[in-house]
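Worksheet: the structure to be examined is printed underneath.
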Amino acid sequence: MFNWLFFIYAGFVFKNKWLIYAALVYAILFILTLLDQGNIAYKVWYIFWIISLVHAIKARQEFLNRRNIIKKLNI
């Protein structure tokens, strides 16, 4: 539901505009689903929720790797 928050956080931490764009797409779809409340809106939302979940799982590993590298370089 709120997977887009991860993308906003990761996008701003690593200054990655593509993660921020992904967050905006997921957030807009979430807001439109809340406003529409229709059957089709929920189906679209579920599809994009699954896509964003897979995307977050894939991006998580890269996020953790980059964060560890940054921590090692700052020591």
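Read the figures in this text as sums done on the coordinates, not as results from a lab. Note that the coordinates shown come from a computational prediction; the quantities given were computed from them, not determined experimentally. Every residue, glycine as well, gets a Cβ built from its backbone with ideal geometry; the counts of neighbours run over all protein chains shown.
Mind checking the dipole of the chain: about its Cα centre, +1 per Lys or Arg Cβ, -1 per Asp or Glu Cβ, Debye to the nearest 20?
For this selection, approximately 480 debye.
So which DSSP H runs in the chain come out at 18 Å plus along the axis (Cα) with average Kyte-Doolittle of at least 1.0?
Result, helices passing both filters: 17-36.
Out of L53, L64, L24, any idea which swings most in a Gaussian network model of the chain, alpha carbons joined below 10 Å?
The residue that fluctuates most here is L64.
Give me the one-decimal nm value for the distance between modelled label points at K17 and I57, 7 Å along each residue's Cα-to-Cβ direction.
Roughly 3.1 nm, to one decimal.
Once every DSSP H run of n ≥ 4 in the chain is given -39500 (n - 2.57) and the sum is divided by its residues, what mean residue ellipticity at 222 nm do you get, rounded to the nearest 500 deg cm²/dmol?
Computed mean residue ellipticity for the chain: -31000 deg cm²/dmol.
What label, among (1) 12.6; (2) 13.2; (3) 14.4, belongs to Kirkwood radius over Cα pairs in Å computed from the structure on display?
It is the one labelled (2).
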